[in-house]
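The values are calculated or read from the model by the stated rules, or taken from the named source; none is laboratory data. If you're wondering where the values come from, they're calculated on a predicted model, not measured in any experiment. For neighbour counting, all protein chains shown are included, and Cβ atoms are generated from backbone atoms with ideal geometry for every residue, glycine included.
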Amino acid sequence: MLQQFKEGRLNFAIHNIDAPENHLKVLTVWRGNLIGTSMRGHELALKHFLGTHHNVLYDHEPARGLVKEINWDPEECPIGKLDLLVNLNIRMDSTANYADVVLPAAFWYEKYDITFGDMHTFVHPLQPATDPPWECKHDWEAFKLIAKKFSELAKRHFPKPVKDIVLKPLWMDSPDQLGQPLGEVKDWKKGEVEPIPGKYFPHIFIVERDYTQVYDRLVSLGPRIDHYGSKGHYADLRPIVEEELKQNEVLTVKNGRVYFERAEQFCELICQVSPELNGRLAHMFFKEMEKKVGLPLADLVEPVKSRRVHYKELASQPRRIHTTPMWGAILFDPETGKQRPFAPWTLNVERLKPWHTLTGRIEIYFDHQAIRELGEAIPTYKPPLDMVAIGDIRLDKAEPKSKVFRFITPHGKWQIHSSFRDHWPMMHMSRGGPTVWLNPEDADEIEVKDNDWVELYCENGIQVCRAVVSHQVPRGMAIVYHQVERHVNVPFSPLAKKRGCTDLRGGNNNATTRILMNPHTMVGGYGNFCYDINYWGTSPSERDHGVLIRKMPPASGKKEVIYREEELHLLPAR
Amino acid sequence: MRVKAQYSMTFNLEKCIGCNTCTVACKNVWTNREGAEYMWWNNVETKPGIGYPKRWEDQELWKGGWVRQGKTLRLRYGSRPYMMLNLFFNPHMPEMADYYGKDVYTFTYDDLHTPRKGNQQPVARPKSMVTEEEDIPLTWGVNWEDNAGGAHVTGKYDVNFRGMSKEEHEAYLKFRDVFYFYLPRICNHCINPACVAACPSGAAYKREEDGIVLIDQQRCRNWRYCISSCPYKKPYYNWCTGKMEKCILCYPRVEAGLPPVCFHSCVGRIRSFGVVLYDMDRVQEAALADDHDLVRAQRSIILDPFDEEVIRQAKANGISDEWIDAAQRSPVYKLFKKWELALPLHPEFRTLPMLFYIPPLSPVITSMGQRSPDETDIFDMAKTRSVLPDIDELDKLRIPLKYLANLFAAGNEEEVKKSLRRQLAVRHYERSLRVDGKPNLEVLEKVGLTEEDARGITRALSLSFYHERFVIPTTRREAADLSPYTERGTAGFIPLSPWAPIKRRKSYYKAHHDPQKEYE
């Protein structure tokens, strides 16, 4: 394979990004409002990813001529790449609105589940107060049903195991961290280095997939439990399985394996295989860590070595987690015998466990070549991106009495992203629908008064909302608290009509943004700059954009704004 | 001396983050009914601003509260004959426009769930909850000015800038000198409630035993003088039942020793709840004090629950040992009376409100311009001075003293200064303990606090647990009119003998209570 890569016969999908075989085809969204919340560049995604109505305004691709190593067609970007969107959802949010299939999901008070956050030390059990209504299913049930059907169909379509190639990036908390010494950027493609997996190239794995076994694999533990863990901490789980799980009154043993087909069984399993609630496991992980860092640490959990917190106990009264290497906090003081609140890094500060950096200390200077070249080596002020220069804002296409604003979308006060906001009492907090915060002097310049309807637009799309003019906003700033859904109090946009957009509604607060990859987050193979899910990886900056804003022209007739499709003739096209 | 016990409250504005969890908790428990949609027994306003309903503080406009007339008080609304003349057209009353502009709103959520043919994405459109008119504009609401939204305009009508020059007033409504803070509001359960005095039907009343102000839903004839006369605009008219409603201080909870839901749900733990004893004989004197003396006068009628004479008299007036004990442990007594940190909201309305606010400290002014940079970089660590402003540097705080004084002390800046200086002094003291390792007693002495006081204040304002913040004695069962014993089975239906429960009650009361009384 490496040879083929070197000769250019094999290549990564990104290099041929427009090819249909390289598109994501099926997407299942669970516990998230991907379309309504997470989609930076919402309108662009509606157009190219979902292939539906949108109000993107680009008339040509600004990156034309700038992209060197990727095969793409700037004239005809693919539209509607995704074939099927499946959504497990508790409510009719934007994702459900745009999905092909919505699987109604049980709400928090209708199912067994277990959650935990990193701000305090308590574990939350969830239990059904009522059964899920109508056809709603616990997520676990939904996945089980899909898996069962899938396994059944696989007997016909994949009767035998099939082999698959999986590439794994240079991984956090593994020897890969030393892959690229001195942080020098070397490209195997240009022949500067050899494509050695785990050093200058991803690891290559050949895995065997037995699709007929998908259901059983979902609802049972194993078989690879001798190397169990995450974040660089691994232990052999077999003694716990044999001595504890197989004796556990809640779990089932079938064919020599531990099964957990019911949701409450799964919750119990999570408790028992979490070092936070199983003291023996925490002790095992600390013993492993002692070998790595050369310091005594397992004494921290000596007093809780025999502690097991069961799911039933969580339901009966609040229970805290104990110290584990997975969290940087010491939660128990062996000297006083008292529990301590969550305070991050106490393990590193008090017990000298090194930080996961190259120096083992907290770093504020990063000497990686790419980071230095991008001016990110030390935490200093960087001006915002010039959105006019990079083509998101076209001043030549600006409507009269528009002004360029810096655009940010901080967390809102009345919602957790898009959740819990749409109910009417919550909509009485602040102004009852999407708003943008502007400074009074800026508002004067574009002849906008408090509570006037405005259009925020750039090439990426159009958002329609009302202005909250306030003297607490600094000049030049447009603030839209995220996340507003596209489906409460969003009228039609005269600008969208003027420009002939396929969707005439204003978009949400990601209508005017797009994904801007921060290149320094692409660094890998260098100490703490190594990939791990949700820790380090290429991430978009969605909070530092720019928009044009203008006062929205009023509708004709008595109405100020138009919400209904049958009244679209009253919407001015200007 | 006639001793009365009263539930009272403090809100620490220093810690209010304006999240409105209190508001939503109250809404979900009490006012999400038809007719009550626009009622917010608890709301949180951003100051400066004009609030909910619009300009409620402006009594030139609304004629609420009391005014002095010689040696007595009269309702600002006007004389009894004037009230009677206006019985069928009350000119001083907020209307829907003052609460919600066009109308109190919901959205056409059904549009999202009912498939309809079309090319455009569906949306839920704004809709009136009273008339069901659709696509209405939203122009005001309970939290319209959140985080100073639109306050550069509405702030011009904020009466708390009273006494400032026009230039000064306008400067505070610009970015450079911007300040804002939150003001959570519920019914103040005043000692001298104007709503009770104004009610022509005798429906509004103040409970003898604990001072909770209520409106009897049977007696209310919706003349709505309570809403006109309440200077805080906290009674609301229910258009569905045709009765007035207001904050009931969650009395079903309080009677059982639990705090009201807005207190319980407060995430910032800014709220305290407790009993204070006051001298009924001196209420009129306190309500008649000169403006600058109102806070002191109100404090003076609050009695020391440790004083032997007060305890003796309290018992003589029928206050139980449990209530006296609760008054001694009351966080409100400490914060309002003992340490003088908390202040009543608009004491010049002369209703003797029993909800007290701890005025907020604020960031120091750091804007450049007329003031020199040297003067403003107070957080420059290289300088030897403390990171805290000095207790005599209150003029450097962003929130002007005059504004707070107009809000909480009828314009008397000294009362606000005392509170802010003490709050700052306690910070200096705590910092000296932690950073210098020795207590700064000098700063405490300057503000007249002992070390014990300082530690108590730290505990009360930042560390206190649930049972310290809420010291609530339960209702005296023996004072209740009904006995649970006789109520057994009365909720059930006995088909063959529907009158049996009543008969049983009758026989019980005949035997155990007033022999003259046929029914309870």
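In the set (1) within 16 Å of B:Val142 (Cβ to Cβ); (2) out of contact with any Leu (no Cβ under 9 Å at 6 or more places or on another chain), the condition left unmet by B:Arg55 is number (2). Please work out which residue is surrounded by the most Cβ atoms within 10 Å (Cβ to Cβ), limiting yourself to region A:311-366 and to residues that are farther than 15 Å from A:Leu300 by Cα and of a type in the set (A, V, I, L, M). Filtering first and then ranking leaves A:Leu314. Going through (1) closer than 29 Å to B:Tyr278 by Cβ; (2) part of a loop (DSSP other than H, G, I, E, B); (3) within 11 Å of chain A (Cβ to nearest Cβ) one by one, B:Tyr38 falls short only on (1).
Residue check: A:Ile416 meets all listed conditions (1) more than 10 Å from every other protein chain (Cβ to nearest Cβ); (2) more than 30 Å from A:Trp108 (Cα to Cα); (3) among the hydrophobic types (A, V, I, L, M, F, W, C) but one, namely (2). Assess whether A:Pro384 counts as being touching a residue at least 12 places away in the same chain (Cβ under 8 Å), within 14 Å of chain B (Cβ to nearest Cβ) and within 15 Å of A:Thr513 (Cα to Cα). It is false that A:Pro384 is touching a residue at least 12 places away in the same chain (Cβ under 8 Å), within 14 Å of chain B (Cβ to nearest Cβ) and within 15 Å of A:Thr513 (Cα to Cα). Checked against (1) at the interface with another protein chain (Cβ under 10 Å from one of its Cβ atoms); (2) in contact with a strand residue (DSSP E or B) (Cβ under 9 Å, 6 or more places away or on another chain), B:Asn119 meets all criteria but (2). Scanning region A:520-574 for residues that are assigned to a loop (DSSP other than H, G, I, E, B), more than 14 Å from chain B (Cβ to nearest Cβ) and of a type in the set (Ser, Thr, Tyr) yields A:Tyr535, A:Thr538, A:Ser539, A:Ser541, A:Ser556. With respect to the conditions (1) within 27 Å of A:Arg486 (Cβ to Cβ); (2) over 19 Å from the mean Cα position of the chain (by Cα); (3) more than 14 Å from chain B (Cβ to nearest Cβ), A:Met517 falls short on a single one, namely (2). Could you list, in sequence order, all residues of region A:498-512 that are more than 11 Å from chain B (Cβ to nearest Cβ) and either under 29 Å from A:Asp444 (Cβ atoms) or crowded, with 24+ Cβ neighbours inside 10 Å (or both)? Across region A:498-512, the qualifying residues are A:Lys498, A:Arg499, A:Asn509, A:Asn510, A:Ala511, A:Thr512.
When A:Val468, A:Val490, A:Val473, A:Val484 are checked against the criterion of being within 13 Å of chain B (Cβ to nearest Cβ), closer than 26 Å to B:Thr46 by Cβ and under 23 Å from the mean Cα position of the chain (by Cα), a single residue qualifies: A:Val484.
If you filter region B:254-281 down to residues that are among the charged types (D, E, K, R) and in a strand (DSSP E or B), you find that the one that is farthest from B:Ser462 (Cα to Cα) is B:Asp279. The listed residues are B:Thr474, B:Thr450, B:Thr458, and the only one of them that is at pLDDT 75 or above and touching a Gly at 6+ places or on another chain (Cβ under 6 Å) turns out to be B:Thr474. Among residues of region B:122-179 being part of a loop (DSSP other than H, G, I, E, B), among the acidic types (Asp, Glu) and more than 7 Å from chain A (Cβ to nearest Cβ), the one that is surrounded by the fewest Cβ atoms within 10 Å (Cβ to Cβ) is B:Glu132.
Would you check if A:Lys160 is free of Cβ contacts under 8 Å to residues at least 60 places away in the same chain and not in a strand (DSSP E or B)? Yes: the conditions hold for A:Lys160.
Residue-by-condition table, conditions (1) within 12 Å of another protein chain (Cβ to nearest Cβ); (2) surrounded by 22 or more Cβ atoms within 10 Å (Cβ to Cβ); (3) farther than 15 Å from A:Ser402 by Cβ; (4) touching an Asp or Glu at 6+ places or on another chain (Cβ under 6 Å):
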residue	(1), (2), (3), (4)
A:His423	yes, no, yes, no
A:His428	yes, yes, yes, no
A:Val436	yes, yes, no, no
A:Asn439	yes, yes, yes, no
A:Asp442	yes, no, no, no
A:Glu445	no, no, no, no
A:Lys449	yes, no, yes, no
A:Asp452	yes, no, no, no
A:Leu456	no, yes, no, no
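With respect to the conditions (1) within 8 Å of chain A (Cβ to nearest Cβ); (2) of a type outside the set (Ser, Thr, Tyr); (3) not in a helix (DSSP H, G or I), B:His92 lacks only one, and its number is (1).
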